Amino acid sequence: MERLLHYVWKYKLYPAMPLLTTDGRPVSVIDPGTLNSDAGPDFFNAKIKIADTLWVGSVEIHTRASDWLVHRHDKDKAYDAVILHVVECVDCEVRRTDGEPIPQLKLIVPEAIVKNIDWLLYREVAMPCLGYIPEIEPLYISSWLDALLGERLERKTADIFRLLDLYGGDWNEVFYITLTRNFGFGVNNDIFERLAKSLPLRCIQKQRGSHSQVEAMLFGQAGMLDETLDCPYYRLLQREYRFLRHKFGLTSLDPSQFRSLRIRPVNFPCLKLAQLAAVWTQYDTLFSEILTAGSIGQIKQYLRVSPSVYWETHYNFRSVSARKEKQVGENSLCILLINTVVPVLFAYGVRSKQPEYCDRAIHILESLPPEKNAIVSGFTQAGIKTGHAGDSQALVQLKREYCEKKKCLYCRIGFRYLKR
């Protein structure tokens, strides 16, 4: 309820009737203030006219007035700047640390808003507002998608910066880890990232003159070379990995963490690692190449690789398949650009203070088709149109950061529904 009171206060959704303090003085809200996400009063820099006096200061909001005492604000000088205490239930007076009383306002939440928020938050439906979306004008939805895309890029940039700090500002290492993670294509992302972190890029760079040794390191680190198979190629990789493991002091992962069930053969972990080996055999510092790439097509070409000949007749080490070139497909290329190239390029632009790289990242998103997944299809069926990958990334942000977390109060679609 307190969060709802914050919301009603911030957006002035209370009834259009004269506001009065508990002692009968008229209140005019000139500016509700700025929401404070840190310690201290809930809103700061508020402008409130009480009777004939204009006050500038903080506003604190509680469900019950006595929460002021429960939270010991009467002993905390940080709350002496509070000019108005807004509550749902007035059950006591409140005072500053020097004993001076603080004006209080009983805030009435309109019944329609309470009913609508209950409908949004407590129905046993993942996204109850989907049926309401067709009533919202497209321009409003488009503006919200732009903001959501900004949030998603900001979140991914923060992830890149954490990696960058962890690896001493080495952009090539960060790109290598991010690309390897996304070669997991969703279901294997986490274990592919662990694999990259267990096998530094410098190890691959030193052996990139030998395709079999690069493959041996990736498969060996994944724990996929511990079986006894009657296959000359497999035994070669085993010998290579035994040597390289000793050379670089490597420790392999548990292969059971790589998932293959209910995955299309083209996304089997073995094949993805073989394709990844082909990428790093061809390019020493791939991120440097991408920074200077002249077009999206050129970037795709860097990643449009084919693994070694063995993989033309295999999806894994255990069985033979019909001969087929296993080049990275167009849909996979788009996913890799969206989840790897775009966020790292954007983060590079932010960190280096070169906005042209941020613009290039956004241009890539706006040039690629929207992703095809359950999240995007759910929203498009509800009436939201997607024109490019930037829109689909915005919808992923909406679903994961708002719908799944029930943050309807902070969603612009939820806001419109509450006000209806």
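This structure gives Rg/Rh (Cα atoms, Kirkwood Rh), computed directly, and of (i) 1.07; (ii) 1.12; (iii) 1.00 that value is listed as (ii).
In order along the range 58-70, the Karplus-derived 3J(HN,Hα) couplings, from 6.51 cos²θ - 1.76 cosθ + 1.60 at θ = phi - 60°, round to 9, 10, 10, 10, 9, 5, 10, 4, 5, 4, 4, 7, 4 Hz, and Gly and Pro are given as x.
From the alpha carbon centroid of the range 368-420 to that of the range 64-102 is 40 Å. Among complete DSSP H helices in the chain, those whose alpha-carbon atoms stretch at least 30 Å along the helix's long axis and whose mean Kyte-Doolittle hydropathy reaches 0.0 are 138-166. Taking packing as the residue-averaged number of other Cβ atoms within 10 angstrom, the listed peptides 407-417, 213-223, 96-106, 73-83 run from highest to lowest as 213-223, 407-417, 73-83, 96-106. Think of each Lys and Arg Cβ as +1 and each Asp and Glu Cβ as -1; about the Cα centre, that makes the dipole of the chain roughly 1240 debye.
Near residue 21, the amide H atoms lying under 5 Å from its own belong to 27; only residues 5 or more places off or on other chains count, and H is placed 1.01 Å from N.
When you count the other C-beta atoms within 10 angstrom of each residue and take the mean per peptide, 173-179, 376-382, 49-55 line up highest first as 173-179, 376-382, 49-55. Would the range 36-112 count as rounded, prolate or oblate if I go by the C-alpha gyration tensor, calling it rounded below 1.5 in a/c and otherwise prolate when a/b exceeds b/c, oblate otherwise? Rounded. When a 1.4 Å probe is rolled over the protein heavy atoms, the share of accessible surface on the chain that falls to carbon and sulfur comes to 51 percent.
The mean of 1/r over all distinct Cα pairs in the range 285-383, once inverted, gives the Kirkwood hydrodynamic radius of 15.7 Å. In the chain, Cα pairs under 8 Å separated by at least six residues give a relative contact order of 14 percent.
The calculated 222 nm mean residue ellipticity attributable to helices in the chain amounts to -14000 deg cm²/dmol, summing -39500 (n - 2.57) over DSSP H runs of n ≥ 4 and dividing by all residues.
What share of all Cα pairs of the range 274-319, in percent, falls into each consecutive 5 Å distance bin? That works out to 5, 21, 24, 20, 12, 9, 7, 2, 0, in percent per bin.
Packing-based ranking of 351-361, 262-272 yields 262-272, 351-361, ordered from highest to lowest mean Cβ neighbour count within 10 Å. Take the cross-link list 324/372; 10/115; 247/353; 353/385; 272/353 and give me the ones stretching past 28 Å between alpha-carbons. Too far apart for the 28 Å limit: 247/353; 353/385; 272/353.
The values are calculated or read from the model by the stated rules, or taken from the named source; none is laboratory data. Predicted model only: the values in this text are computed from it and were never measured. Positions of Cβ are generated from backbone atoms using ideal geometry, with glycine treated the same way; all protein chains shown enter the neighbour counts. With ligands, DNA and RNA removed, areas are computed over all heavy atoms of the protein, side chains included. Shrake-Rupley method; radii C 1.70, N 1.55, O 1.52, S 1.80 Å.
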